[in-house]
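Remarks on the structure that follows.
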Amino acid sequence: MVRLNTLFQHKVKGWQSKQIIFQIPPSIGETIIIDKAYYKIVNIMHYAEDGSVEVVANAE
């Protein structure tokens, strides 16, 4: 399990942050679902020692 700290740009609300649990770390270009909306990972900011990953995602 990987804790994904996601910074994403909501079409109406602007930049938002949410923590999601994944089985395996996603990669750049992969699509993730946040609150029933699809976002594409555009950058991986940081891999932490505790196994969490910080990413930036844009709406598709």
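How are the C-alpha pair distances of the chain spread across 5 Å bins, as whole percents from the shortest bin up? Reading the bins upward from 0: 4, 19, 35, 26, 11, 4, 1. Contact order for the chain, expressed relative to its length and based on alpha carbon pairs under 8 Å spaced 6+ residues apart, stands at 38 percent. Charges were assigned to the Cβ only: +1 to each Lys and Arg, -1 to each Asp and Glu. The resulting dipole of the chain about its Cα centre is roughly 300 debye. The accessible surface of the chain, taken with every protein chain in place and a 1.4 Å probe, is 53 percent carbon and sulfur. Summed over the residues of the chain and divided among them, the accessible surface reaches 70 Å² per residue at a probe radius of 1.4 Å.
The calculated FRET efficiency for residue 58 paired with residue 3, based on their beta-carbon distance and R0 = 35 Å, is about 0.95.
Distance from a point 7 Å along Cα→Cβ of residue 13 to each backbone N in segment 33-60: keep the residues under 13 Å and list them by number. Residues 34-37 fall inside that zone.
The values are calculated or read from the model by the stated rules, or taken from the named source; none is laboratory data. Computed from a predicted structure; not experimentally measured. Glycine gets a Cβ as well: all are built from the backbone with ideal geometry, and neighbour counts include every protein chain shown. Ligands, DNA and RNA are excluded from the accessible area calculation, which covers all protein heavy atoms including side chains. Shrake-Rupley method; radii C 1.70, N 1.55, O 1.52, S 1.80 Å.
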